[in-house]
Every structure is written in C-alpha cells, then in structure tokens.
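Below: the structure, in structure tokens.
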Amino acid sequence: LRNSSPKSSISVIIYSDRNRLFFPIYPLCSLPRNFYYITLLRDPVSRYLSEWKHVQRGATWKTALHMCDGRPATPDELPSCYSSEDWTGVSLEEFMACSSNLANNRQTRMLADLSLVGCYNLSSMSEERRAELLLSSAKRNLRRMAFFGLTEFQRKTQFLFERTFGLHFIAAFTQINGTRAAGVTVGTSTRSRIEELNALDVQLYEYARELFSRRVQYCHHQERQEERKRKREQRRRTKQQKTSQIQQQEDDERKDAEEEMELTGVTEDYSSQVVRW
C-alpha cells in the first residue's frame, strides 16, 4: 500500500471468522490514527461450500469463545455437530444436517448485534423475530462501515478501498474464481437447500451488492467531478499564463518604443551639435 497522506496513518479492524482481529496498515506510532471497521462479503453458497471443504480437511473453531454480553456461549446453546476431535471427512449432507452448524448464516450473525436476540439463546424469542432482528442489525452495521468489499468483485473492491482511505495498492487485485468451492458441483436441490439454510445471508448479500454498487457509482461520479475540476483549473492556469505572456509582451514592446524615442532624441541632438561644430 502507498499512503497519499504521509503525515497520517490508518489502522483497520477486520472481522474474521473467529473474532475481531486488529491489522495495523501502518506502524503504530505517535502519528495521528483513525480506526475503522471493514469487512469482505462473499456469495453465500460459495462461502458455505468453502467452509465445508475447510472443515472437511480438519479445521475447527474449538478455541472460539463466542462471547456475547460478557459471557461465552454454553454447550447447550451451541451443541457440537460432531463428537470426535474434528469433523474431518464430513460429507456435505452431514454438514447441512447439523442444525447448530455455525456455518449457517455466518455472515449475518457476525455482522449483527447478537445481544438484540439474546445472544445464542434460541428460546428468547420466535425464530421469525430472531431472523428479522439479526438481518436488520447486520444491514445497519454494514451500512455504517466505512468500507466493505465483495469477494466476487475484486477490482471494484480495490477501487472503493483506495477511494475511501486515500491509499493505493502497489499491484492491482486479481480476480481468481478457481477456488475449492468453485470446484464443487452441486445439484439444483442441494443448492436450494444451502440457500435455505443461509436465507439471511442470501438477503444480506443481495442488499450488500446493491449498496456496494451505489458506493462504487458514487466514487466514480466523484472521480469524474475531480477530473473535470482539475481540467478547469488547468485551463484557468493556462489562460492566466497566456494573459501574463501577452501582458509581458506588451510591456516589452512599450519599453522598446520608449527606448527608441529616447534614442531618437539623443541622436537628433547629437546631429545638431555636429552641424554647429
């Protein structure tokens, strides 16, 4: 990254799957700093399949405390989907069958304020009311973030990040679609089931795409305005420069004329003296 404002530094807090991680973009020193929450969203089906493949290879979140309102979730609130050390080799059908699987609607849950729904206590309200509050909270928090990007739109994400923070990446983002999730072929019924399990994430992602598109369009509009302003200023400076050059030329011509008149007078006086001599 290159900072267009070297006298300031920016740090960001990025949501991860486990907790909030702090990533200083610039060294933490005595320079003034601003802190922002940012995140990247992904197509819900692709994200779900990616997590399944990750868990299938042995990944776990055993160390995650799932803190909410100052306390961790209890085993009764978050029962484990497996009894062994991990879920290595889990099939997609088994992965989808676990009702307490935190892969379901993970993006919505991580962006929402869980205290609004009693944290992980599912008995605090109806499922419909809980879903409504979670989605509303996630949308609100996403809207308030200084920046968010979409994995499926890397170049636009880079553009929006650079415009938002006044930073410039040294290299352009590369759109890589050949992920492990992309290599998984699922049938129509299976895809529909994944979308059903992640119904909140599907709605959140649709909302995020629309909001993302509006932000990108607004930044492009700003960029065009700045370019027009720059060109107007350039034309103004060019005009001023030409006016100055014309004025300088006129001043030089006037001085030449004055000097010529003075020289003519001296010459005539000298000629008259020669005649007298």
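Farthest toward the positive end of the dipole of region 168-265, out of His221, Ile176, Gln203, is the Cα of Gln203, where the dipole comes from beta carbon charges about the Cα centre. Here's the picture: a label point sits 7 Å out from the Cα of Thr174 along the beta-carbon direction, and within region 45-70 nothing has its amide nitrogen under 16 Å of it. Each label was represented as a point 7 Å from its Cα along the Cα-to-Cβ direction; for Phe35 and Asn121 these points are 2.9 nm apart. Within straight-line reach of Lys53, meaning a Cα separation under 28 Å, sit the following lysines at least 8 residues removed in sequence or on another chain: Lys62, Lys139, Lys156. A simple spin-label model places pseudo-atoms 7 Å from Cα toward Cβ; at Lys231 and Thr60 they are separated by 6.2 nm.
Distance distribution P(r), region 33-156, all Cα-Cα pairs, bin width 5 angstrom from 0: 2, 9, 17, 20, 20, 18, 11, 4, 1, 0 percent. In whole percents, the pair-distance distribution calculated for region 117-210 from its alpha-carbon pairs, binned every 5 Å from zero, is 2, 10, 14, 17, 17, 15, 13, 8, 4, 1, 0. Is region 120-277 rounded, prolate or oblate when judged by the Cα gyration tensor, a ≥ b ≥ c being the square roots of its eigenvalues, rounded requiring a/c under 1.5 and prolate requiring a/b larger than b/c? In terms of gyration-tensor shape, prolate. To the nearest 10, the accessible area of Leu122 is 120 Å² with a 1.4 Å probe. Proximity of backbone amide H atoms, modeled 1.01 Å from N, is registered between Gly149 and Thr39, Leu40, Leu41 at under 5 Å, excluding neighbours fewer than 5 places apart on the same chain.
The values are calculated or read from the model by the stated rules, or taken from the named source; none is laboratory data. Computed from a predicted model, the values in this text were never measured in an experiment. Every residue, glycine among them, receives a Cβ derived from its backbone with ideal geometry; neighbour counts consider all protein chains shown. All accessible areas refer to the heavy atoms of the entire protein, side chains included, with ligands and DNA or RNA removed. Shrake-Rupley method; radii C 1.70, N 1.55, O 1.52, S 1.80 Å.
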